[in-house]
Amino acid sequence: MNTPRSWRLLLVAAVCALACAGCGVNPVTGSSEVSFVSEQEEIRIGQSQYGPSQQSQGGVLNLYPELNAYVSRVGMSLARVSERPELPYEFVVLNNSVPNAWALPGGKIAVNRGLLYELDDEAQLAAVLGHEIVHAAARHGAKQQEKGTLLNIGMAVLGVATAGTGFQDLAMQGAQLGGAMVQTRYGREAELESDRFGMQYMARAGYDLQGAVALQQRFVQLSGGNQPAGFGALFASHPPSQERVDANRRTAAKLGTTGRDGRADFQRAMAQLKRDRPAYQAYAKGVTAMNQSKFEEALRHAREAIRLQEREGQFHELAAAAQSRLDQPAEAIKSLNRAVALGQSFYRPYLMRGTLHLKRGNLDVAKQDLTVANKLLPSADATFGLAEIAQKEGDTETALRYYDAVARSQSPLAAEARNRVARLRSGYYP
């Protein structure tokens, strides 16, 4: 008969067996470490989370394809000289004003529009991308997953597992996981390690290592009392310090190489984005006004942003959000039609347009938009809307499936979804 002591012994034995099976060598540092996540699994995690993570952070900045191509070229020049050049690296610029950059396991890397504005040359960009490449190559993100595995190993040994989880719920969890991984804060050692090896990649690729020193000096200055809005996210996940500045100086002195700063190429690649900065600043003011329920003001800022750069879909989306709150649904739909027509493959215009069509009783169009929105980034809002449509169409089975998924989420809609599930299953729905 099993006793609590025997369960503990079984747990210890299982942990030991897994630890022995997972022993390995870090591909970047060469140090021994416990590794439960295989390279194949790393790649799978990165590929599955890259799309949702991009969508949750503003989507790809498709308005500037040349800039995306330039960032990708710089990133690949560094990835090729890393210890893991065979990973399926990808680099994108996201349409997000928050200064930040992040990496997912398997080499999936993104840098925000807001961070590019803070850089002076290609060497500084290489310092950012090299740092993120190390996070991927040294398995820092995978280690975060392994920590979760270790925390839950007792439950696995005891045979506790969820059953009957639907695809939609898994997709929602996946999007939440992607967002959490983007916000991951690495420890001091991981940050110093990424700086050091990232500078080695810079040296191999022929960059001026002072770019990495200048970058950290800039971040230390900005982390002071009067830092610009939005830098909190960057500094939470990549905390700056004088220690990192000094470490970068020592690394530069040790490597003893001088290379190019690429200032002219960087400024050329950034030229149009810099010209459009006033438009994005007007957009940011409009977002602030929306958050303060100043809808007329938000619409004015959106129109000013559109006047300066008509081809940016997010500006039309902001106008639609304000028009919707000002009880102008027809105008809001026109603005969303324009946002979608610009072809930037961002989930939010589809979600907003689908919701507006649902409120107006246009069920077929609403279903199409909400389905597209959910494919781009599964959300409780779109799923709840699809449940309502199915319910209105008399498809109780589909409605229950969608409501069940929302009910198991962390959304504010979860309580109402549970209420509707109970009513539908009881057969009472006035």
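The values are calculated or read from the model by the stated rules, or taken from the named source; none is laboratory data. Please read all numbers here as calculations on a predicted model, not as lab measurements. Heads up, the Cβs are rebuilt from the backbone with ideal geometry, glycines too, and the neighbour counts pull from every protein chain shown.
Values computed for the structure shown
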{"quantity": "Selection from the stretch 252-269 of residues that are within 16 Å of residue 128 (Cα to Cα) and either loosely packed, with under 13 Cβ neighbours inside 10 Å or not acidic (Asp, Glu) (or both)", "calculated": "252, 260, 262, 263, 266"}
{"quantity": "Criterion: in the same structural domain as residue 95 (by TED's automatic domain parsing) and modelled with pLDDT of 95 or more - qualifying residue of 136, 212", "calculated": "212"}
{"quantity": "Criterion violated by residue 291 - all others in (1) within 22 Å of the chain's Cα centre (by Cα); (2) buried (at least 19 other Cβ atoms within 10 Å of the Cβ); (3) farther than 24 Å from residue 386 by Cβ satisfied", "calculated": "(2)"}
{"quantity": "Matching residues in the stretch 333-346 - criterion: being in a helix (DSSP H, G or I) and surrounded by fewer than 23 Cβ atoms within 10 Å (Cβ to Cβ)", "calculated": "333, 334, 337, 338, 340, 341"}
{"quantity": "Selection status of residue 415, part of a helix (DSSP H, G or I), in the same structural domain as residue 296 (by TED's automatic domain parsing) and touching a residue at least 40 places away in the same chain (Cβ under 8 Å)", "calculated": "no"}
{"quantity": "Single condition residue 238 does not satisfy, out of (1) within 19 Å of residue 74 (Cβ to Cβ); (2) at pLDDT 65 or above", "calculated": "(2)"}
{"quantity": "Failed item in (1) at pLDDT below 95; (2) closer than 26 Å to residue 350 by Cα; (3) touching a Gly at 6+ places or on another chain (Cβ under 7 Å); (4) outside any helix (DSSP H, G or I), with residue 109 passing the rest", "calculated": "(1)"}
{"quantity": "Count - residues of the stretch 408-423 that are touching a helix residue (DSSP H, G or I) at 6+ places or on another chain (Cβ under 7 Å) and at pLDDT below 95", "calculated": "5"}
{"quantity": "Long-range neighbours under 9 Å by Cβ, at least six apart or interchain, first residue assigned by TED's automatic domain parsing to the domain that holds residue 116 and assigned to a loop (DSSP other than H, G, I, E, B) within the stretch 59-82, second surrounded by fewer than 20 Cβ atoms within 10 Å (Cβ to Cβ) and hydroxyl-bearing (Ser, Thr, Tyr)", "calculated": "59/345; 62/345"}
{"quantity": "In the stretch 112-125, residue surrounded by the most Cβ atoms within 10 Å (Cβ to Cβ) [restricted to those that are outside any strand (DSSP E or B), under 20 Å from the mean Cα position of the chain (by Cα) and not basic (Lys, Arg)]", "calculated": "125"}
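Each row is one residue, and each column tells you yes or no for (1) among the aliphatic types (A, V, I, L, M); (2) closer than 25 Å to residue 101 by Cβ; (3) free of Cβ contacts under 8 Å to residues at least 24 places away in the same chain; (4) outside any loop (DSSP other than H, G, I, E, B).
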{"residue": "257", "(1), (2), (3), (4)": "no, yes, no, no"}
{"residue": "278", "(1), (2), (3), (4)": "no, yes, no, yes"}
{"residue": "297", "(1), (2), (3), (4)": "no, no, yes, yes"}
{"residue": "300", "(1), (2), (3), (4)": "no, no, yes, yes"}
